[in-house]
Amino acid sequence: MNDFLRLLRNKGFKLTPQRRAVIEALQACSPFPTAQEIHRHVKNRAPDVSLDTVYRNLTLLIRLGIVNQVNLPGRSGSVFEIVDGNHHHHLICLSCGHAECIDYCPVIPQKIAQAEERGFTVVSHSLEFYGYCRACRPAG
Ligand SMILES: [Zn+2]
Ligand SMILES: [Zn+2]
Ligand SMILES: [Zn+2]
């Protein structure tokens with residue numbers, strides 16, 4: 001929690017009780033809770049916090065690099081995780097929604113530099129791999 005506190009302070013933000021509750025919910029619900037699951041957890045402590053507030057705080061924490069958003073296929077929405085260690089990506093099962101981390105980034109920095117030549121400043125990227133987990137893999 002002290003690291004998050006320092007990070008927020010460095011960027012000029014306070015660790016408000018709501019932000020603290022969202023971070024604690026992410027730690028308690030891991031791995032990969034939905035915003036609704038985080039909200040349910042936060043409400044145990046702060047019953048007046050709305051889902052909107054949870055989303056707002058998640059958006060800020062994502063922007064600050066404290067939280068990762070992982071997009072699920074179709075209309076299933078997103079799940080979230082506390083950033084722990086290095087920038088990385090995720091494998092997502094199209095059948096059961098299982099998500100797991102891969103601890104590296106396959107994006108080539110030179111290619112990002114190429115994108116920036118268009119006059120666009122890249123600050124982050126996200127990339128998910130969709131497929132079938134061991135349990136759901138089609139037989140054959
Ligand atoms: Zn699966
Ligand atoms: Zn991850
Ligand atoms: Zn990456």
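The values are calculated or read from the model by the stated rules, or taken from the named source; none is laboratory data. As the structure is a computational prediction, the values presented were derived from the model and not from experiment. When we count neighbours, we look across all protein chains shown, and the Cβ atoms used for this are built from the backbone with ideal geometry, even at glycine. Side chains are part of the model used for accessible areas, which takes the heavy atoms of the whole protein and leaves out ligands, DNA and RNA. Shrake-Rupley method; radii C 1.70, N 1.55, O 1.52, S 1.80 Å.
GNM remark for the chain: springs join alpha carbons under 10 Å apart, and the peak mean-square fluctuation among Ala99, Ala115, Ala35 falls on Ala115. Between Glu24 and Gln69, the FRET efficiency from the beta-carbon distance, with R0 = 25 Å, is close to 0.85.
Under a Gaussian network description of the chain, with springs only between Cα atoms under 10 Å, the residue in Asn57, Asn86, Asn71 that fluctuates furthest is Asn86.
When a 1.4 Å probe is rolled over the protein heavy atoms, the share of accessible surface on the chain that falls to carbon and sulfur comes to 49 percent. Among beta bridges identified by DSSP and lying wholly in the chain, the antiparallel ones come to about 70 percent.
Could you sort His41, His87 by their accessible area in this structure, using a 1.4 Å probe and putting the largest first?
The ranking, largest first, comes out as His87, His41.
Computed on the Cα trace of segment 2-131, the radius of gyration divided by the Kirkwood hydrodynamic radius gives Rg/Rh = 1.00. Given R0 = 35 Å, the distance between the Cβ atoms of Gln36 and Arg118 translates into a calculated FRET efficiency of 0.40. Across segment 91-106, computed HN-Hα scalar couplings (Karplus, 6.51 cos²θ - 1.76 cosθ + 1.60, θ = phi - 60°) run 9, 10, 7, 6, 8, 10, x, 4, 10, 9, 7, 10, 8, 8, 10, x Hz from first to last residue, x flagging Gly and Pro. Within a straight-line Cα-Cα reach of under 16 Å, Lys11 can be paired with the following aspartates and glutamates, leaving aside sequence neighbours fewer than 8 residues apart in one chain: Asp3. Over the chain, DSSP H runs of length four or greater, each weighted -39,500 (n - 2.57), average out per residue to a 222 nm ellipticity of -11500 deg cm²/dmol.
Over the chain, Cα pairs under 8 Å with separation of 6+ residues give a relative contact order of 18 percent.
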